[in-house]
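Novice: I'd like to ask you about the structure that follows.
Nothing in this text is a laboratory measurement; each read-out follows from the coordinates by a stated rule. No experiment lies behind these values; they were computed from the predicted model shown. Methodologically, a virtual Cβ is constructed for each residue, glycine included, from the backbone with ideal geometry; neighbour enumeration extends over all protein chains shown.
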Amino acid sequence: MNADEFRASLAGAAPPPRLMPALGGLWHDGKGDWDAAHRTVQEASDPDSAWVHAYLHRKEGDLWNAGYWYSRAGRSQASGGFAEEWVSLVEALCR
């Protein structure tokens, strides 16, 4: 699935089948459901899910927790807008 197909999937009622947790979290966040997004990534242990987990906590305003998850993902903490980071995450994870 490429980034355009992923964005188009947001028109549906449910995420596409067999999405990795990181993209599943971004799908739920793209639908405005932070809680479902967080549940999707919080138990995953891969670096991509940690990156999305970090983004979600930054969006929530919990910068300490976000910093922890960015570190787990091996990423620097983002400082731009949330929409910009969401797009960057989708594009990176759909490659």
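Novice: Looking only at segment 70-87, how many residues end up being within 16 Å of L23 (Cα to Cα) and either among the basic types (K, R) or surrounded by 14 or more Cβ atoms within 10 Å (Cβ to Cβ) (or both)?
Specialist: Of the residues in segment 70-87, 4 are within 16 Å of L23 (Cα to Cα) and either among the basic types (K, R) or surrounded by 14 or more Cβ atoms within 10 Å (Cβ to Cβ) (or both).
Novice: Which pairs turn up if I take residues in segment 22-41 that are in contact (Cβ under 8 Å) with a residue 60 or more places away in the chain and look for partners that are part of a helix (DSSP H, G or I) with beta carbon separation below 6 Å, at least 6 apart in sequence or on another chain?
Specialist: Short answer, once both residue conditions are applied: A22/D48; A22/S49; A22/V52; A22/L93; L23/L93; L26/V52; L26/L89; L26/V90.
Novice: May I ask you to list the residues in segment 47-61 that are of a type in the set (D, E, K, R), out of contact with any Asp or Glu (no Cβ under 8 Å at 6 or more places or on another chain) and surrounded by 14 or more Cβ atoms within 10 Å (Cβ to Cβ)?
Specialist: Correct list: D48 only.
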